[in-house]
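Below: one structure, written as structure tokens.
The values are calculated or read from the model by the stated rules, or taken from the named source; none is laboratory data. Treat the numbers as computed from the prediction; the structure is a model and nothing was measured. All Cβ positions, even for glycine, are placed from backbone atoms using ideal geometry, and neighbour counts span all protein chains on display. What goes into the accessible areas is simple: the full protein's heavy atoms, side chains included, and nothing from ligands, DNA or RNA. Shrake-Rupley method; radii C 1.70, N 1.55, O 1.52, S 1.80 Å.
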Amino acid sequence: MSDKIQAIRGMNDILPEDAHWWDFFEETVKNWLEAYGYRTIRLPILEQTALFRRSIGEVTDIVEKEMYTFEDHLNGENLTLRPEGTASCVRAVLQHNLLYPGPLRLAYSGPMFRHERPQKGRYRQFHQVGVEALGFEGPDMDGEQIVMASRLWRKLGINDVRLEINSLGDTASRARHRGKLIRHFEQHQDSLDDDAKRRLHSNPLRILDSKNPAMREIVESAPKLLDELDEDSLLHFEKLQIILNELGVGYTINSRLVRGLDYYNRTVFEWVTDRLGAQGTVCAGGRYDGLVSQIGGKPTPACGFAMGIERILSLIQEDNGGVSPRAQDVYVVHQGEKASKFAVIAAEFLRDHHFSVILHCGGGSFKSQMKKADASGSGFAAIIGDDEAGACEISLKPLRAEMGQFRMGLAEAVSWLRSQSI
Ligand code: ATP
Ligand code: MG
């Protein structure tokens, strides 16, 4: 006997019982993107490995240990399952010259792949929605994107995420800060963990991103990048804060906030909740003015953010006690030859009027059919015997309320069902 084949660890099936939440989220996101003039772009899941190495950065968690990279045995190409969307998005923009007519607002969504230790809110296949605005330099765009995210939380009914912002300045400010950081961490060599020791000279900024509680104190006492900011970046950051203040978006400045990817500069931000433990960041992003030229395009300022759909859905589901709303409107039960013929007609009629309907298949007594109707999660049963069929009528019985049943013609059934706030 062979072992049962199971899904790959950290790669989840999304079961029908959760589908409603995904539908709700995707519908809300679609309207929200339209409201801000973002157009969607659909990107491949596989890319050349070089794309991610060049954009995300060699000395990052993602490139060092999280990417699913393999050689295509048919032609020897080195390929990677995308760990994030920004690099592919910028690659596509350049490949198709999308910036030619002017600045651009783009959105993408779909699965991302990272070889991490699976736990609640951290998976090996997970899903993101991301937005990218290319060709915008001023802090008005950073502000718009942050306000935009806060509108989404309202639309989704999430009210306990907080905003943290920081500025990473320009290359020169990071270089100044880097020298000071190295000196600071060198003085605390003994307390550094292995990751930090390895990064000390290659990418010390990443050490600030450490999730190791043992490193907390040395990270807290490290020199702040904000103290090294160049004048333009400082001004940019101050203007962003004015915009957020004017729009009433609350935030805290977190001087340790750096992102796990190398391409960020100036504004970085995260939306965080306390409800998901170490997986508390539901949305993260910022400015990446250098990325377009790094991938081979003309220098183009840009900013964007990505959110983790699984983390957001677990917040929404928790808020709603995990109770999924009604699966469909009507379950049609029927018995008798005439009744079964009329049941098909009745079901089609209700569907013509935009109700969702399950027509019972497979026969059985009224009693057993009613049990199935109840278990199906439908709001109403439509009961059809030969008697009803002879009169072209149905008997409607609410399944989620203590009420009797009501017999009526099909047109009347449509208005009655509507009046029951379906
Ligand atoms: P973390 O610090 O939690 O590892 P990150 O900095 O690696 O996150 P980003 O690359 O900025 O995350 O991705 C944006 C968002 O995607 C995160 O804020 C999170 O909501 C989500 N995300 C990232 N990695 C995972 C994962 N392995 N499983 C589920 N969601 C994830
Ligand atoms: Mg990560």
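When peptides 240-253, 150-163 are sorted by average Cβ neighbour count within 10 Å, with the highest value leading, the order is 150-163, 240-253. Placing a label point 7 Å from the Cα of ASP72 along the Cα-to-Cβ direction, the residues of segment 28-51 whose backbone N falls under 13 Å from that point are 44-50. How large is log10 I(q)/I(0) at q = 0.20, 0.24, 0.27 Å⁻¹ when the Debye formula is applied to the Cα atoms of segment 126-208, each weighted equally and without solvent? At q = 0.20, 0.24, 0.27 Å⁻¹ the computed log10 ratios are -0.96, -1.10, -1.27. Within 10 Å of each candidate Cβ there may be at most 14 other Cβ atoms; applying that plus a DSSP loop requirement, which trypsin sites (Lys or Arg not before Pro) in segment 1-81 survive? Sparse-neighbourhood loop trypsin sites (Lys or Arg not before Pro): LYS4, ARG9, ARG42. Across segment 87-103, the residues whose backbone nitrogen lies under 20 Å from the label position 7 Å along the beta-carbon direction of ALA50 are 87-97. Based on protein heavy atoms only, segment 292-358 ends up with 46 Å² per residue of surface accessible to a 1.4 Å probe. In this rough spin-label picture, where each label sits 7 Å from Cα along the Cβ direction, the HIS354-GLU34 distance is 1.4 nm.
Mind pulling up the Rg/Rh value for segment 42-137? Radius of gyration and Kirkwood radius, both on Cα.
Computed over Cα atoms, the ratio is 0.99.
With viscosity set to 1.306 mPa s and temperature to 10 °C, compute the Stokes-Einstein D of segment 336-410, Rh being the Kirkwood radius across alpha carbon pairs; µm²/s, no decimals.
Details: Rh = 12.6 Å.
In µm²/s, the coefficient rounds to 126.
Just the number, please: Stokes-Einstein D of segment 1-64 in µm²/s, Kirkwood Rh from C-alpha pairs, 10 °C, 1.306 mPa s.
On the way: Rh = 16.3 Å.
The diffusion coefficient I find is 98 µm²/s.
Quickly rank 209-220, 328-339 as a protection proxy: mean count of other C-beta atoms within 10 Å, highest first. Don't jump to the answer; show the numbers that get you there.
Details: 209-220: 13.7, 328-339: 20.3.
Going from most to least packed, we get 328-339, 209-220.
Of the accessible area of the chain, with the probe set at 1.4 angstrom, what percent is carbon plus sulfur?
Numbers: 10640 of 21150 Å².
After summing per-atom areas, the C and S share lands at 50 percent.
What the Kirkwood sum gives for segment 272-395 is a hydrodynamic radius of 18.9 Å, with every pair of different alpha carbons counted. Taking label positions 7 Å along the Cα-Cβ direction at both ALA19 and HIS96, the computed distance is 2.9 nm, reported to one decimal. Here, P(r) means the percent of Cα pairs in each 20 Å bin from 0 to the largest distance; for the chain it is 22, 44, 24, 10, 1. First measure r as the distance between the Cβ atoms of ASP227 and ALA401, then evaluate 1/(1 + (r/R0)^6) with R0 = 56 Å and state the FRET efficiency to the nearest 0.05. Taking R0 as 56 Å, the efficiency between ASP227 and ALA401 is 0.30.
Given contacts defined as C-alpha pairs under 8 Å and at least six residues apart, what's the relative contact order of the chain, whole-number percent? Show your work: numbers first, answer last.
On the way: 709 pairs, mean separation 61.8, N = 422.
Computed value for the chain: 15 percent relative contact order.
Residues in segment 209-264 average 56 Å² of solvent-accessible surface per residue, probe 1.4 Å, ligands and nucleic acids excluded.
Find the accessible area per residue for segment 80-206; the probe is 1.4 Å, ligands and nucleic acids are left out, and the unit is Å². Display every interim value, and only then the final one.
Values: 5390 Å² over 127 residues.
I get 42 Å² per residue for this part.
With bins 5 Å wide beginning at 0, the percent of Cα pairs of segment 47-203 falling in each bin runs 2, 7, 11, 13, 17, 18, 16, 11, 5, 2, 0.
What value in Å³ per residue do you get for the convex hull of the alpha-carbon atoms in segment 203-313? Show your work: numbers first, answer last.
Values: hull volume 15.6 nm³, N = 111.
Hull volume normalised by residue count: 141 Å³.
For ASN254 and CYS361, the difference between the fully extended length at 0.36 nm per residue and the C-alpha to C-alpha distance is 32.6 nm.
Percent of Cα-Cα pairs more than 15 Å apart in segment 143-188, please.
Numbers: 658 of 1035 pairs.
Value for segment 143-188: 64 percent of Cα pairs lie more than 15 Å apart.
Work through the residues other than PRO213 whose Cβ is under 13 Å from its Cβ and net out their charges, Lys, Arg +1 and Asp, Glu -1. Walk me through the intermediate numbers first.
Values: positive: LYS211, ARG216; negative: ASP193, GLU217, GLU220.
It works out to a net charge of -1.
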